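Asker: This is the structure I have questions about; it appears just below.
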């Protein structure tokens with residue numbers, strides 16, 4: 001979905017049954033720049049983080065984590081339609097620099113870090129640790145915010161409960177068709193590769209291992225899927 005398609009989707013009238021499945025998101029579009037052109041604390045993808053001097057760089061296993069992005073909340077606040085985020089401060093997102101963690105295993109908790117820095121705290125641009133792998137270092141990209149409407153994935157259980165016909169399901173699939181360009185966003189619905197991401201997140205966050213097909217078992221009284229406990 002290109003920019004014109006995205007704007008068309010945002011302006012489309014919604015039929016009543018779809019309204020509960022629509023959520024506003026903050027779409028972030030990237031532009032490759034020299035990091036020196038970005039101000040301290042400015043919203044960006046990759047690069048070197050701007051952090052308080054006291055902040056200890058997070059690690060996972062034996063390696064430092066990679067900076068994925070930092071978000072200036074004051075910068076994106078005008079696009080937070082539902083007012084879900086703090087109005088100011090900085091969010092910093094880090095992830096396993098070996099890129100080996102998928103999130104299926106509760107034992108992998110700690111492979112990512114989300115840090116909030118209050119607006120009043122001083123920030124300095126930090127060089128990455130010397131042992132951060134080269135493949136875990138990403139060039140800085142400026143991020144521009146906009147409002148974009150998102151819809152629940154068709155795998156979402158409440159969408160399935162609508163009992164859409166085959167033609168309606170195809171039409172819904174076209175409505176939520178993924179973009180050909182990279183998708184970066186805050187809030188809204190996820191863009192999963194496959195399966196019900198929300199179910200997996202809920203189960204894993206409660207200590208249930210969902211990393212292979214043997215983990216899913218029909219043991220709950222409701223007949224829904226559950227997973228084997230890790231360990």
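Asker: When a footprinting reagent is the concern and you count Cβ atoms within 10 Å, what order do 181, 42, 35 take, fewest first? Before the final figure, lay out the partial values.
Answerer: On the way: 181 12, 42 18, 35 15.
Ranking 181, 42, 35 by Cβ neighbours within 10 Å, fewest first, gives 181, 35, 42.
Asker: If I model a spin label at residue 169 and residue 84 as a point 7 Å from the Cα along the Cα→Cβ vector, what separation in nanometres do I get?
Answerer: Modelled inter-label distance: 2.7 nm.
Asker: Which order do the peptides 164-171, 57-64, 149-156 come out in when sorted by mean C-beta neighbours inside 10 angstrom, highest first? Don't jump to the answer; show the numbers that get you there.
Answerer: On the way: 164-171: 11.2, 57-64: 16.1, 149-156: 18.2.
Answer by packing, highest mean first, reads 149-156, 57-64, 164-171.
Asker: Counting only the backbone N, which residues of region 73-97 are under 13 Å from the spot 7 Å out from the Cα of residue 116 toward its beta-carbon?
Answerer: From region 73-97, the list is 73-74, 84-92.
Asker: Please report the equivalent ellipsoid semi-axes of region 34-139, computed as sqrt(5 x eigenvalue) of the Cα gyration tensor, largest first, in whole Å. Present the calculation step by step, with values, prior to reporting the outcome.
Answerer: On the way: eigenvalues 111, 61, 31 Å².
Those come to 24, 17, 12 Å.
Asker: Over region 34-139, calculate the relative contact order: mean separation of alpha carbon pairs under 8 Å at least 6 apart, over the residue count, as a percent. All intermediate terms of the calculation are to be shown ahead of the outcome.
Answerer: Numbers: 189 pairs, mean separation 38.3, N = 106.
That works out to 36 percent.
Asker: Using the eigenvalues of the Cα gyration tensor, what equivalent ellipsoid semi-axes result for region 78-201 when each is taken as the square root of five times the eigenvalue, whole Å, largest first?
Answerer: On the way: eigenvalues 214, 82, 45 Å².
The three semi-axes for region 78-201 are 33, 20, 15 Å.
No lab work stands behind these numbers, since they all come straight from the coordinates. The model shown is predicted, which means the values in this text are computed figures rather than measured ones. Backbone-built Cβ (ideal geometry, glycine too); neighbour counts: all protein chains shown.
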